[in-house]
1. When you look at ALA18, is it surrounded by 17 or more Cβ atoms within 10 Å (Cβ to Cβ), at pLDDT 90 or above and small (Gly, Ala, Ser), yes or no?
2. Sort out which residues of the stretch 5-38 are hydrophobic (A, V, I, L, M, F, W, C), part of a helix (DSSP H, G or I) and more than 16 Å from VAL59 (Cα to Cα), and write them in order of number.
3. Consider only pairs whose beta carbons are under 9 Å apart and that are at least six residues apart or on different chains; among these, list those whose first residue lies in the stretch 56-83 and is of a type in the set (Lys, Arg) and whose second residue is in a loop (DSSP other than H, G, I, E, B).
4. Condition first: at pLDDT below 90, among the charged types (D, E, K, R) and open to solvent by 70 Å² or more (accessible area, probe 1.4 Å). Now tell me which residues in the stretch 51-83 satisfy that.
5. Restricting to the stretch 34-83, and then to whatever is among the small types (Gly, Ala, Ser) and out of contact with any helix residue (DSSP H, G or I) (no Cβ under 6 Å at 6 or more places or on another chain), can you tell me which residue is nearest to ALA11 (Cα to Cα)?
6. Among the residues of the stretch 35-50, write down those that are among the polar types (S, T, N, Q) and either in contact with a Ser or Thr (Cβ under 6 Å, 6 or more places away or on another chain) or modelled with pLDDT under 85 (or both).
7. May I ask you to list pairs of residues, at least six apart or on different chains, whose Cβ atoms are under 6 Å apart, with the first in the stretch 1-30 being without any contact (Cβ under 8 Å) to a residue 12 or more places away in the chain and the second being open to solvent by less than 50 Å² (accessible area, probe 1.4 Å) and in a helix (DSSP H, G or I)?
8. Given (1) part of a helix (DSSP H, G or I); (2) exposed (fewer than 10 other Cβ atoms within 10 Å of the Cβ); (3) within 14 Å of the chain's Cα centre (by Cα), where does ALA41 come up short, assuming only one miss?
Amino acid sequence: MQETPAEQATARHVAALAETKGTTPETILLWWLQRHPARIAPVVGSSRPERIRACADAVRREPELTHEEWYGLWVTARGAALP
């Protein structure tokens with residue numbers, strides 16, 4: 001399946017945040033979910049142990065996304081600002 005331009009931009013944005021914060025893209029996504037105003041409770045599950053290990057920082061560290069970083073990911077993924 002080919003990714004949309006918004007999906008490609010979001011993947012690049014997530015990778016850049018992960019590099020800046022010294023963690024994995026999976027952790028960035030979990031931190032984003034943890035800061036969501038709907039109080040999403042992510043459940044991690046995978047048949048690949050490396051995927052589960054990649055999420056470890058999300059448990060060991062407090063979410064390190066600023067409000068601006070959280071919102072920036074929203075805008076990148078949706079392609080539009082919130083009202």
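The values are calculated or read from the model by the stated rules, or taken from the named source; none is laboratory data. The structure presented is a predicted model; accordingly, all values stated were derived computationally and were not measured. As a convention, Cβ positions derive from the backbone with ideal geometry for all residues, glycine included, and neighbour counts pool all protein chains shown. Side chains included, ligands, DNA and RNA excluded: accessible areas come from the protein's heavy atoms. Shrake-Rupley method; radii C 1.70, N 1.55, O 1.52, S 1.80 Å.
1. yes
2. Keep residues of the stretch 5-38 that are hydrophobic (A, V, I, L, M, F, W, C), which gives 6, 9, 11, 14-18, 28-33, 38.
Narrowing further to those that are part of a helix (DSSP H, G or I): 6, 9, 11, 14-18, 28-33.
Residues satisfying the conditions are ALA6, ALA9, ALA11, VAL14, ALA15, ALA16, LEU17.
3. As it stands, the answer is ARG61/THR23, since those pairs meet every condition given.
4. Scanning the stretch 51-83 gives ARG51, ARG53, ARG60, GLU62, GLU64, ARG78.
5. Step one: of the stretch 34-83, the residues among the small types (Gly, Ala, Ser) are 38, 41, 45-47, 54, 56, 58, 72, 77, 79-81.
Checking which are out of contact with any helix residue (DSSP H, G or I) (no Cβ under 6 Å at 6 or more places or on another chain) leaves us with 38, 41, 45, 47, 56, 72, 80.
Working: ALA38: 23, ALA41: 22, GLY45: 20, SER47: 22, ALA56: 19, GLY72: 12, ALA80: 16 Å.
In this case the residue turns out to be GLY72.
6. Residues of the stretch 35-50 among the polar types (S, T, N, Q): 46-47.
Matches in the stretch 35-50: SER46 only.
7. Partner pairs satisfying both residue conditions: ALA18/ILE28.
8. (1)
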